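Encoded as structure tokens, here's the structure I'll be asking about.
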Amino acid sequence: MRLIPTRDESESLRQGILDFCAQVIPETTSGLERQGTMSDGDSIEFYHQLGQAGWIGRHWPEQYGGRNCSHLETFIIDEALGYARAPLSGYLLSVKVFGNTLMLFGTDKQKATYLPLITSGTAILCQGFSEPNAGSDFGSLSTRATRDGDDYVINGHKIWTSSAEVATHMYLAARTDPDAVKHRGISTFVLDMTTPGVTVNTFPTLGGGVINEVYFDNARIPAANLIGELNRGFHQAMRSLDLERSAMDRIGAARRALDDLSTHIHQEGSAPDGGRLADLPAVQEKMAELYGRMQVSRTFGYLIARRLDANEGASSEFSYGKLYIGLLSQAIADAAVDIIGPRAMFEYGAELAVNDGLLTALYRASPALTLAGGSSEIQKSIIAVRGLGLPK
Ligand SMILES: Cc1cc2nc3c(=O)[nH]c(=O)nc-3n(C[C@H](O)[C@H](O)[C@H](O)COP(=O)(O)OP(=O)(O)OC[C@H]3O[C@@H](n4cnc5c(N)ncnc54)[C@H](O)[C@@H]3O)c2cc1C
């Protein structure tokens, strides 16, 4: 079976997104230019226009603002958005992580409330899972949700919360039964970020963007905001993390970086001896290797889309995809700095910067790409256990 879509399947969608982005990105993303991976940034204005143009959540039913289209279609859209360097952090958390989880575990009322707000580009979600002592070991989280009448009262501290500085809501994991075995006492909620008792602190990152920590001091959530079954949140969150790892946007962004590097090699590059970069065997070999790995990454990505569309299970495939694209993005950034040479030191705005300094910025951002969404070590252990049936 063919996995990567044919031109017939993808070209009009892809071109539609590229045209939309060419028009909207320049007027909505000012200030994000220095960001290493634009797709890790946020522009509320861009997100809103993306929703208004009908590009968000098209695989959801029409009653929720979607278009009943295939997962394949949304994967093509995400790849094109990544290629266009759209700011996508909140979009991905809203659609892939929260919205898709709500489709699986939410009540009809929750779906009817939140999904149309997402498809219209109005509600933007962040994901409150990680804590100072609970990252890879998610089951150790200690933020408490204590039932009090019709509410849950939240106390605790989340870190590495991408997009919390712009989010309207948080998809929150908290401990609801402190006496249960650690994986069994966790539940998930949707929280309005304007709730009294919620404090967001924002920090700059190496990649040129920002990241947040969030404190909860007796913040109250209506009990109706519980998602899925009480104390079954660990299982749901694992599914959400799987969905987060279908990284077509990152594949698109990496493909763009590789194409930009290729353009530099063809058009401007000169080797240290004055010859052309394009003639150097080492450069040719490196580019051939990276383009080959890129096709493997795309194959993993579209395998997941086709599995989801066929209602076939996908599990360790998400981790293969995430592992592969994280390592590949770092390899492209390393190769770009090697091939560009000293001019790789120049950043956005500098006269001598190659490709507006974007490949250099990717180099700064790339260490985080094998951590965010679950580290490479954790992906390997998921593949070993779930994919290969090896013991835990
Ligand atoms: C840019 C960025 C954005 C993020 N955005 C969010 C977000 O929006 N929401 C959110 O909830 N979280 C977010 N995170 C957190 C991310 O999910 C965690 O950083 C990640 O799960 C690792 O957890 P940790 O940082 O606590 O590291 P640790 O779990 O302490 O791991 C440290 C190192 O030890 C290794 N390690 C840990 N356990 C094992 C093991 N059992 N076997 C082998 N090696 C192991 C890890 O691979 C890693 O290299 C983000 C992180 C980054 C970097």
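The values are calculated or read from the model by the stated rules, or taken from the named source; none is laboratory data. Small disclaimer: the values here were computed from a predicted structure and weren't measured. When we count neighbours, we look across all protein chains shown, and the Cβ atoms used for this are built from the backbone with ideal geometry, even at glycine. The protein model used for the area step is the full one, side chains on, heavy atoms only, and it has no ligands, DNA or RNA in it. Shrake-Rupley method; radii C 1.70, N 1.55, O 1.52, S 1.80 Å.
Could you please let me know if residue 97 is on the phi < 0 side of the Ramachandran plot, within 16 Å of the ligand (Cβ to nearest atom) and of a type outside the set (Gly, Ala, Ser)?
Against the criterion (on the phi < 0 side of the Ramachandran plot, within 16 Å of the ligand (Cβ to nearest atom) and of a type outside the set (Gly, Ala, Ser)), residue 97 qualifies.
Got at least one residue in the range 288-298 being in contact with a helix residue (DSSP H, G or I) (Cβ under 6 Å, 6 or more places away or on another chain) and not in a helix (DSSP H, G or I)?
Taking every residue of the range 288-298 in turn, none turns out to be in contact with a helix residue (DSSP H, G or I) (Cβ under 6 Å, 6 or more places away or on another chain) and not in a helix (DSSP H, G or I).
Go through the range 358-374 and give me each residue that's touching a residue at least 60 places away in the same chain (Cβ under 8 Å), under 30 Å from residue 262 (Cβ atoms), open to solvent by less than 30 Å² (accessible area, probe 1.4 Å) and within 9 Å of the ligand (Cβ to nearest atom).
Once the filter is applied, which keeps residues that are touching a residue at least 60 places away in the same chain (Cβ under 8 Å), under 30 Å from residue 262 (Cβ atoms), open to solvent by less than 30 Å² (accessible area, probe 1.4 Å) and within 9 Å of the ligand (Cβ to nearest atom), the range 358-374 yields 365, 369, 373.
Let me ask something else about it. For the range 270-328, which positions are open to solvent by 60 Å² or more (accessible area, probe 1.4 Å), under 18 Å from residue 82 (Cβ atoms) and touching a residue at least 40 places away in the same chain (Cβ under 8 Å)?
Result: 295, 327.
Name the pairs: first residue in the range 1-16 and assigned to a loop (DSSP other than H, G, I, E, B), second residue open to solvent by 80 Å² or more (accessible area, probe 1.4 Å), Cβ to Cβ under 8 Å, at least 6 apart or on different chains?
Sorted first by the residue in the range 1-16, then by its partner, the pairs are 4/295.
Another one. Please go through the range 71-92 and pick out each residue that is surrounded by fewer than 24 Cβ atoms within 10 Å (Cβ to Cβ) and in a loop (DSSP other than H, G, I, E, B).
Passing the criteria: 84, 85.
Which of the following residues is free of Cβ contacts under 8 Å to residues at least 40 places away in the same chain and out of contact with any strand residue (DSSP E or B) (no Cβ under 8 Å at 6 or more places or on another chain): 71, 48, 59?
Only one candidate qualifies: 59.
I've got another one for you. Could you please let me know if residue 202 is within 30 Å of residue 74 (Cβ to Cβ), open to solvent by 60 Å² or more (accessible area, probe 1.4 Å), under 22 Å from the mean Cα position of the chain (by Cα) and touching a residue at least 12 places away in the same chain (Cβ under 8 Å)?
Answer is yes for this residue.
Any residue in the range 150-164 that is open to solvent by less than 40 Å² (accessible area, probe 1.4 Å) and near the ligand (Cβ under 7 Å from one of its atoms) sitting within a Cβ distance under 6 Å of a residue that is assigned to a strand (DSSP E or B) and of a type in the set (D, E, K, R)? List the pairs, counting only those 6 or more apart or interchain.
Once the first residue is open to solvent by less than 40 Å² (accessible area, probe 1.4 Å) and near the ligand (Cβ under 7 Å from one of its atoms) and sits in the range 150-164, its partners that are assigned to a strand (DSSP E or B) and of a type in the set (D, E, K, R) give 158/131.
Test residue 134 against the criterion of being open to solvent by less than 10 Å² (accessible area, probe 1.4 Å), without any contact (Cβ under 8 Å) to a residue 24 or more places away in the chain and within 14 Å of the ligand (Cβ to nearest atom), and give yes or no.
yes
So is residue 210 within 22 Å of the chain's Cα centre (by Cα), within 12 Å of the ligand (Cβ to nearest atom), touching a residue at least 12 places away in the same chain (Cβ under 8 Å) and open to solvent by less than 30 Å² (accessible area, probe 1.4 Å) or not?
no
Hey, another quick one. Out of 305, 336, 278, I need the residue that is closer than 30 Å to residue 30 by Cβ, in contact with a His (Cβ under 9 Å, 6 or more places away or on another chain) and assigned to a helix (DSSP H, G or I). Which one?
Being closer than 30 Å to residue 30 by Cβ, in contact with a His (Cβ under 9 Å, 6 or more places away or on another chain) and assigned to a helix (DSSP H, G or I) holds for just one of 305, 336, 278, which is 336.
Assess whether residue 35 counts as being within 15 Å of the ligand (Cβ to nearest atom) and either buried (at least 24 other Cβ atoms within 10 Å of the Cβ) or modelled with pLDDT of 95 or more (or both).
For residue 35, the condition - within 15 Å of the ligand (Cβ to nearest atom) and either buried (at least 24 other Cβ atoms within 10 Å of the Cβ) or modelled with pLDDT of 95 or more (or both) - is met.
With the requirement that a residue be over 30 Å from residue 366 (Cβ atoms) and either touching a strand residue (DSSP E or B) at 6+ places or on another chain (Cβ under 7 Å) or crowded, with 18+ Cβ neighbours inside 10 Å (or both), what does the range 165-177 give you?
Listed by number, the residues that qualify are 174, 175, 176.
Within the range 101-190, which strands (runs of 3 or more DSSP E) (wholly inside it) include 2 or more residues that are farther than 23 Å from residue 379 by Cα and outside the structural domain of residue 371 (by TED's automatic domain parsing)?
144-148, 151-158, 169-175
Restricting the search to the range 375-392, which residues are over 17 Å from residue 314 (Cα atoms) and open to solvent by less than 50 Å² (accessible area, probe 1.4 Å)?
Listed by number, the residues that qualify are 375, 376.
For the range 226-251, what are the residues that are assigned to a helix (DSSP H, G or I) and open to solvent by 30 Å² or more (accessible area, probe 1.4 Å)?
Of everything in the range 226-251, those that are assigned to a helix (DSSP H, G or I) and open to solvent by 30 Å² or more (accessible area, probe 1.4 Å) turn out to be 234, 235, 238, 239, 244, 250.
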